[in-house]
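Computed from the coordinates by the stated procedures, all read-outs in this text should not be read as laboratory data. From a predicted model like this one, the values you see are computed outputs, not experimental measurements. Glycine gets a Cβ as well: all are built from the backbone with ideal geometry, and neighbour counts include every protein chain shown.
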Amino acid sequence: MPVKEHATGVVRNPHDPDAQWSAKSQGPQKKSWVGYKVQVAETIPEKAAKNQPSIQGSFITSIVTQKASDSDDPGLDRVLADQATNGLERPSELYADGAYVSGARLYQAREEHWQLIGPAQPSANRAGIPKAYRIEAFDIDITQRQARCPGGYFNTQCSRLEEQKRNKVSYRFEWSYHCGGCPLRPECVAAGQPHRTIVVSQYHDLLQQRRNEQQSAQFKERMHQRNAIEGTVSELARAHGLRRSRYRGFAKVELQNLLIATACNIKRWLRAIVQSFSSSAHALFASLRILSMNWSPFSTNCLLCHQSAETPSI
């Protein structure tokens, strides 16, 4: 009888035990695959002058192969470590999607003086509690260990929870006697619970700040710079076969992905050279054409050339 659902990390092919089954998302957006996972990072070209095309292209700075069951979050550490190994400076700005953004990451970026630009994920959904009463609806101050619920009541207790093995610190806020007569209790407190409790990380302030920031038009405009990486992933998959491994075993697949990224960079480098040469050649030929003209003050050619909007600036 065929198995309908596989656990993450299950080996599907005995000839390549490193290729594992994994899935992400839920519902209609759920995607599953057998194989590996790849993290890709590339540069962002500097903006050219207004109405002028940018000659500088973007280049892949790191391509990290992971097991299919590995999380995206540690993949970011490997990308940064890979760039450092190759002699690249840590970027001052790093654009990423929500899978890489957490309170701990935002704190790390702040302490190391670089910016992690990306949307923060919403808090986890709790059964029986509408979206309007999730953690985002609470006004929380970790420093003062104080939180105010949607009903306007402040917490009655705050406990510090420390997980030494994971080096993780959280705070639990409770509203013990406020929930009894609150008109919002049917929606705010889950069935079977005596009162409302929430648990947040020690970096919740940074996470909530990002959730508020990402609603602004300025942040959304800034995030447009990340769109290029989607085209790069499509290029690697469609033009270079990134989604299909030619070899078995993690080491060979990793080498294949490195060669794919190298080939893509070579093509971009050659394209940038051709673009730069074409621009320089166009200016050179235009200069020679202008110099070869009759520059008599009574020349009709000179007058037409002077009035032409296509005359380049030398």
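Region 105-152 gives an Rg/Rh value of 1.08, both radii derived from C-alpha positions and Rh following Kirkwood. For the pair residue 33 and residue 132, the difference between a 0.36 nm per residue extended length and the Cα-Cα distance amounts to 32.2 nm. The local environment of residue 123, defined by Cβ-Cβ distances under 11 Å, has a net charge of +3 under the rule Lys, Arg +1 and Asp, Glu -1. Taken along the Cα-to-beta-carbon direction at a fixed 7 Å, the label points for residue 11 and residue 139 span 5.7 nm.
Ellipsoid fit via the Cα gyration tensor, region 155-241: semi-axes of 41, 19, 15 Å, each the root of five times an eigenvalue, largest first. Once both labels are positioned 7 Å from their Cα atoms along Cα-to-Cβ, the gap between residue 108 and residue 266 label points is 3.4 nm. Note that region 130-204 carries a Kirkwood radius of 12.9 Å, evaluated over its alpha carbons pair by pair.
Taking a ≥ b ≥ c as the square roots of the eigenvalues of the Cα gyration tensor, region 205-274 is classed as oblate, since a/c reaches at least 1.5 and a/b does not exceed b/c. The relative contact order of region 130-204 comes to 26 percent, based on Cα pairs under 8 Å that sit 6 or more residues apart. Database remark: amide H of residue 115 closer than 5 angstrom to the amide H of 93, 94 (H placed geometrically; neighbours at sequence offset of 5 or more, or on other chains; Pro and chain starts carry no H).
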